[in-house]
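Here's the structure, in C-alpha coordinates; my notes come after.
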Amino acid sequence: MSQGEEYKPTKEDEALIRKYANEGMPAQLICYKLGKFTSVNTLKKYFAKVLDQAKLVQEYEMGKNLYTRGKEGDNTAAIFWLKTQCPDRWRETQHIVQENAHKFISNEVLSDEMFEKKYLIDDEGKNK
(Lines give C-alpha, C1' and ligand atoms only; values in the text may rest on other atoms or scores of the structure.)
Protein backbone atom coordinates (compact mmCIF):
# COMPACT_ATOMS: atom_id res chain seq x y z
CA MET A 1 0.00 0.00 0.00
CA SER A 2 1.60 3.26 -1.08
CA GLN A 3 1.49 6.58 0.74
CA GLY A 4 -1.94 8.22 0.57
CA GLU A 5 -3.61 5.13 -0.90
CA GLU A 6 -6.73 3.98 0.96
CA TYR A 7 -6.45 0.52 2.52
CA LYS A 8 -9.07 -2.02 1.53
CA PRO A 9 -9.63 -4.77 4.12
CA THR A 10 -9.29 -8.34 2.85
CA LYS A 11 -10.48 -11.67 4.26
CA GLU A 12 -6.85 -12.86 4.29
CA ASP A 13 -5.76 -9.91 6.43
CA GLU A 14 -8.73 -10.44 8.75
CA ALA A 15 -7.84 -14.12 9.19
CA LEU A 16 -4.19 -13.30 9.99
CA ILE A 17 -5.14 -10.51 12.39
CA ARG A 18 -7.62 -12.81 14.14
CA LYS A 19 -4.96 -15.54 14.43
CA TYR A 20 -2.34 -13.18 15.83
CA ALA A 21 -4.77 -11.46 18.19
CA ASN A 22 -6.14 -14.79 19.47
CA GLU A 23 -2.56 -15.81 20.26
CA GLY A 24 -2.27 -12.69 22.42
CA MET A 25 -0.06 -10.68 20.09
CA PRO A 26 -0.19 -6.92 20.84
CA ALA A 27 -1.70 -4.69 18.14
CA GLN A 28 1.59 -2.88 17.57
CA LEU A 29 3.33 -6.17 16.74
CA ILE A 30 0.46 -7.19 14.45
CA CYS A 31 0.99 -3.94 12.52
CA TYR A 32 4.69 -4.69 12.21
CA LYS A 33 4.20 -8.32 11.11
CA LEU A 34 1.66 -7.42 8.44
CA GLY A 35 3.60 -4.38 7.25
CA LYS A 36 0.40 -2.74 6.02
CA PHE A 37 -0.46 -0.35 8.82
CA THR A 38 1.52 2.66 9.94
CA SER A 39 -0.19 2.82 13.32
CA VAL A 40 -2.31 0.85 15.75
CA ASN A 41 -5.09 3.41 15.18
CA THR A 42 -5.22 2.45 11.50
CA LEU A 43 -5.38 -1.25 12.39
CA LYS A 44 -8.20 -0.56 14.85
CA LYS A 45 -10.03 1.57 12.30
CA TYR A 46 -10.53 -1.46 10.06
CA PHE A 47 -10.36 -4.39 12.48
CA ALA A 48 -11.60 -3.14 15.88
CA LYS A 49 -14.29 -5.83 16.03
CA VAL A 50 -11.77 -8.61 15.34
CA LEU A 51 -9.40 -7.27 18.02
CA ASP A 52 -12.23 -6.90 20.55
CA GLN A 53 -13.50 -10.43 19.87
CA ALA A 54 -9.99 -11.83 20.28
CA LYS A 55 -9.68 -10.09 23.64
CA LEU A 56 -12.95 -11.68 24.80
CA VAL A 57 -11.73 -15.11 23.68
CA GLN A 58 -8.46 -14.63 25.58
CA GLU A 59 -10.27 -13.53 28.74
CA TYR A 60 -12.64 -16.49 28.50
CA GLU A 61 -9.83 -19.02 27.99
CA MET A 62 -7.74 -17.62 30.84
CA GLY A 63 -10.73 -17.50 33.16
CA LYS A 64 -11.70 -21.06 32.26
CA ASN A 65 -8.14 -22.30 32.87
CA LEU A 66 -7.88 -20.42 36.16
CA TYR A 67 -11.24 -21.78 37.32
CA THR A 68 -10.25 -25.35 36.38
CA ARG A 69 -6.93 -25.07 38.23
CA GLY A 70 -8.75 -23.73 41.28
CA LYS A 71 -11.19 -26.65 41.22
CA GLU A 72 -8.27 -29.08 40.97
CA GLY A 73 -6.77 -27.79 44.21
CA ASP A 74 -4.51 -24.90 43.19
CA ASN A 75 -5.25 -22.60 46.13
CA THR A 76 -3.60 -19.56 44.55
CA ALA A 77 -5.75 -19.93 41.44
CA ALA A 78 -8.88 -20.43 43.53
CA ILE A 79 -8.21 -17.37 45.68
CA PHE A 80 -7.40 -15.19 42.66
CA TRP A 81 -10.52 -16.33 40.82
CA LEU A 82 -12.74 -15.66 43.85
CA LYS A 83 -11.23 -12.21 44.46
CA THR A 84 -11.75 -11.15 40.85
CA GLN A 85 -15.13 -12.79 40.24
CA CYS A 86 -16.74 -12.33 43.67
CA PRO A 87 -15.17 -9.11 44.98
CA ASP A 88 -18.13 -8.27 47.21
CA ARG A 89 -17.55 -11.44 49.26
CA TRP A 90 -13.86 -12.29 48.70
CA ARG A 91 -11.49 -9.39 49.18
CA GLU A 92 -8.78 -8.08 51.37
CA THR A 93 -9.61 -4.74 52.88
CA GLN A 94 -7.81 -2.41 55.16
CA HIS A 95 -9.46 0.05 57.48
CA ILE A 96 -7.17 2.94 58.26
CA VAL A 97 -8.18 5.28 61.05
CA GLN A 98 -6.11 8.17 62.27
CA GLU A 99 -6.97 9.30 65.77
CA ASN A 100 -4.76 11.51 67.93
CA ALA A 101 -1.87 11.08 65.46
CA HIS A 102 -2.00 7.26 65.82
CA LYS A 103 -2.76 5.17 62.77
CA PHE A 104 -4.44 1.80 63.08
CA ILE A 105 -4.59 -0.74 60.26
CA SER A 106 -6.83 -3.76 60.35
CA ASN A 107 -7.89 -6.40 57.84
CA GLU A 108 -10.97 -7.20 59.91
CA VAL A 109 -14.41 -6.00 58.94
CA LEU A 110 -15.84 -4.40 62.06
CA SER A 111 -18.66 -2.03 62.77
CA ASP A 112 -17.55 1.43 63.87
CA GLU A 113 -18.54 0.62 67.44
CA MET A 114 -16.60 -2.67 67.50
CA PHE A 115 -13.57 -0.97 65.92
CA GLU A 116 -13.55 1.75 68.57
CA LYS A 117 -13.80 -0.78 71.40
CA LYS A 118 -10.98 -2.92 70.01
CA TYR A 119 -8.48 -0.38 68.71
CA LEU A 120 -8.93 3.11 70.07
CA ILE A 121 -6.77 3.97 73.05
CA ASP A 122 -7.11 6.99 75.30
CA ASP A 123 -4.26 9.35 76.28
CA GLU A 124 -3.31 7.11 79.22
CA GLY A 125 -2.73 4.07 76.98
CA LYS A 126 -5.97 2.33 77.94
CA ASN A 127 -8.61 1.06 75.59
CA LYS A 128 -11.52 3.44 75.32
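The values are calculated or read from the model by the stated rules, or taken from the named source; none is laboratory data. Predicted model only: the values in this text are computed from it and were never measured. Note that we place each Cβ from the backbone using ideal geometry, even for glycine, and neighbour counts take in every protein chain shown.
On inspection, residue 110 qualifies as surrounded by 12 or more Cβ atoms within 10 Å (Cβ to Cβ), outside any helix (DSSP H, G or I) and either modelled with pLDDT of 90 or more or not β-branched (Val, Ile, Thr) (or both). Within the stretch 73-100, the set of residues being part of a helix (DSSP H, G or I) and either among the aromatic types (Phe, Trp, Tyr) or modelled with pLDDT under 85 (or both) comprises 80, 81. In this structure, is residue 44 assigned by TED's automatic domain parsing to the domain that holds residue 59 and over 28 Å from residue 62 (Cα atoms)? Spelling it out, it is not the case that residue 44 is assigned by TED's automatic domain parsing to the domain that holds residue 59 and over 28 Å from residue 62 (Cα atoms).
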